[in-house]
1. Select from segment 47-57 the residues that are under 20 Å from Lys104 (Cβ atoms) and at pLDDT below 95 and write down the one among them that is surrounded by the most Cβ atoms within 10 Å (Cβ to Cβ).
2. Any chance segment 19-30 includes a residue that's of a type outside the set (D, E, K, R), assigned to a loop (DSSP other than H, G, I, E, B) and touching a strand residue (DSSP E or B) at 6+ places or on another chain (Cβ under 9 Å)?
3. Starting from residues that are more than 14 Å from the chain's Cα centre (by Cα) and within 14 Å of Trp99 (Cβ to Cβ), keep the ones in segment 63-79 and report whichever is surrounded by the most Cβ atoms within 10 Å (Cβ to Cβ).
4. Which of the numbered conditions does Gly62 fail, given that it passes all the others? Conditions: (1) modelled with pLDDT under 90; (2) touching a Gly at 6+ places or on another chain (Cβ under 9 Å); (3) not aliphatic (A, V, I, L, M).
5. Could you check how many residues of segment 51-76 are in a strand (DSSP E or B) and among the hydroxyl-bearing types (Ser, Thr, Tyr)?
6. Only one of Ala106, Ala48 is among the aliphatic types (A, V, I, L, M), assigned to a strand (DSSP E or B) and within 14 Å of the chain's Cα centre (by Cα). Can you tell me which?
7. Tally the residues that are closer than 13 Å to Val101 by Cβ and among the aliphatic types (A, V, I, L, M), restricting the search to segment 40-62.
8. Would you please list the contacts, defined by Cβ atoms under 9 Å and residues six or more apart or on different chains, that run from a residue in segment 79-96 that is over 20 Å from Val39 (Cα atoms) to a residue that is exposed (fewer than 11 other Cβ atoms within 10 Å of the Cβ)?
Amino acid sequence: MVMGVNRKGRRRIAYKNQPFVWWVGKNKDDEDKIWLNIVSEDKNIVLAYRVGEGDFFVVSKGRCFQGEKTSGCWEKYWYPMKEPPMVVTPEFVCELIAWAVDGKDAKKIRI
């Protein structure tokens, strides 16, 4: 059974009639960094993007990414953008969701 997503104090957005919740805040594991967090209501898509650092990668933490089932382990992917946004907007959130849901051929970052 999947627990619901906490929506209190968080913004909602829909992509292709699928509800998502998103918020910007500090990460418990990396307290000095600000992250954009996006979670689908069914928790299949869970994304994180570090804001303000000029990063070009997204962390996928969910069970599905670009239409494929994942291991559920955190995986980093290069995000194709010309310039990273320094301010998070609903438009950027929607673009990121569209890429994670319908995109193809994301390049995994191997560490």
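1. Filtering segment 47-57 down to residues under 20 Å from Lys104 (Cβ atoms) leaves 47, 49, 56-57.
After this cut, where a residue has to be at pLDDT below 95 as well, the list is 49, 56-57.
On the way: Tyr49: 23, Phe56: 15, Phe57: 15.
Filtering segment 47-57 for residues that are under 20 Å from Lys104 (Cβ atoms) and at pLDDT below 95, the one surrounded by the most Cβ atoms within 10 Å (Cβ to Cβ) comes out as Tyr49.
2. Of all residues in segment 19-30, those of a type outside the set (D, E, K, R) come to 19-25, 27.
Cutting the leftovers down to assigned to a loop (DSSP other than H, G, I, E, B) gives us 27.
Next, only the ones that are touching a strand residue (DSSP E or B) at 6+ places or on another chain (Cβ under 9 Å) stay: 27.
Checked segment 19-30: at least one residue is of a type outside the set (D, E, K, R), assigned to a loop (DSSP other than H, G, I, E, B) and touching a strand residue (DSSP E or B) at 6+ places or on another chain (Cβ under 9 Å).
3. Gly67
4. (1)
5. Residues flagged as in a strand (DSSP E or B) and among the hydroxyl-bearing types (Ser, Thr, Tyr) within segment 51-76 amount to 1.
6. Only one candidate passes the filter, namely Ala48.
7. Final tally of qualifying residues: 4.
8. Cβ pairs passing all conditions: Glu83/Gly54; Pro84/Gly54; Met86/Gly54.
The values are calculated or read from the model by the stated rules, or taken from the named source; none is laboratory data. Fair warning: this is a prediction, and the values are worked out from it, not measured in the lab. Cβ coordinates were reconstructed from backbone atoms using ideal geometry, including for glycine residues, and neighbour counts include every protein chain displayed.
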